[in-house]
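The values are calculated or read from the model by the stated rules, or taken from the named source; none is laboratory data. Note that this is a predicted model, so its numbers are computed, not measured. Cβ atoms come from the backbone with ideal geometry, glycine included; neighbour counts cover every protein chain shown.
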Amino acid sequence: MIVMATFVFHDARPVEAADSGALKLHATVISSSAPPAPLTIELFRWPTDEERAPLVSALSAPPPAPPAPAAPAGGRGAAGRGGRGGRAAGPPPSPIERLTNAIKAAPTVGFIWSEGPTGYSIKYAWRFALPEGGERIVLATDRRLGANTAGWPAASGPAAAAEFTVIEMRLGVKGTGEAKASISAPVVVDAAAKTLALDGYAAAPALLKVTR
């Protein structure tokens, strides 16, 4: 996947939401099974740190504490009035379930448009100026890209059941790069950068070829 862009940065500071502006890219899916599917990535604004924080916390939060043990049989806490026992607590939500809920609750800051009439809402966007120039971009949509669509690579592992897609791009100083997605790589938290990211980014297959 190759990304065309004109961003050039000369330090490693984060690009702040207030001065970053919007983003618009045209993309095609890299696939040998069907003609490339065109996409348009349109970001109206970059979310604030406060808007991104719930999504990062959802994936990195420790699991909830186990429920308190039930009261002994015959005790008021176990049966209460009428002799009915309380309902057993269900299993705590998984990190992916927590992230799914956080993505759905986040404000929409852009869209990814395909050939169909319905776009994918962008709920998370982050970027960082790389030390060697260029930038790293992470996006998240509230639906899985290419689900039930011919020409898209099949999702594997936990991504096969996920309702969202995380996309990570690396753009160089000459405006070329690549984008990979959670369709083929697990989603993790990059603690140093304080962002969602793809685990094993370097080894994951490229998904998109992108141009301005």
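Observations on the model:
- Of the listed requirements (1) more than 16 Å from the chain's Cα centre (by Cα); (2) within 14 Å of residue 27 (Cβ to Cβ); (3) surrounded by fewer than 20 Cβ atoms within 10 Å (Cβ to Cβ), residue 130 misses just one: (2).
- Candidate set: region 3-29, residues that are assigned to a loop (DSSP other than H, G, I, E, B), surrounded by fewer than 17 Cβ atoms within 10 Å (Cβ to Cβ) and of a type in the set (A, V, I, L, M, F, W, C); chosen: the one modelled with the highest pLDDT: 22
- In region 186-207, the residues that are without any contact (Cβ under 8 Å) to a residue 24 or more places away in the chain and crowded, with 21+ Cβ neighbours inside 10 Å: none
- Unmet requirement for residue 129, which otherwise passes all of (1) within 20 Å of residue 96 (Cα to Cα); (2) touching a Phe, Trp or Tyr at 6+ places or on another chain (Cβ under 6 Å): (1)
- Index of the failed condition, residue 146 passing every other in (1) at pLDDT 85 or above; (2) buried (at least 21 other Cβ atoms within 10 Å of the Cβ): (1)
- Residue-level analysis places residue 183 among those that are crowded, with 18+ Cβ neighbours inside 10 Å, at pLDDT below 95, within 18 Å of the chain's Cα centre (by Cα) and not small (Gly, Ala, Ser).
- Condition met for residue 174 (crowded, with 18+ Cβ neighbours inside 10 Å and either farther than 17 Å from residue 60 by Cα or touching a Pro at 6+ places or on another chain (Cβ under 6 Å) (or both)): no
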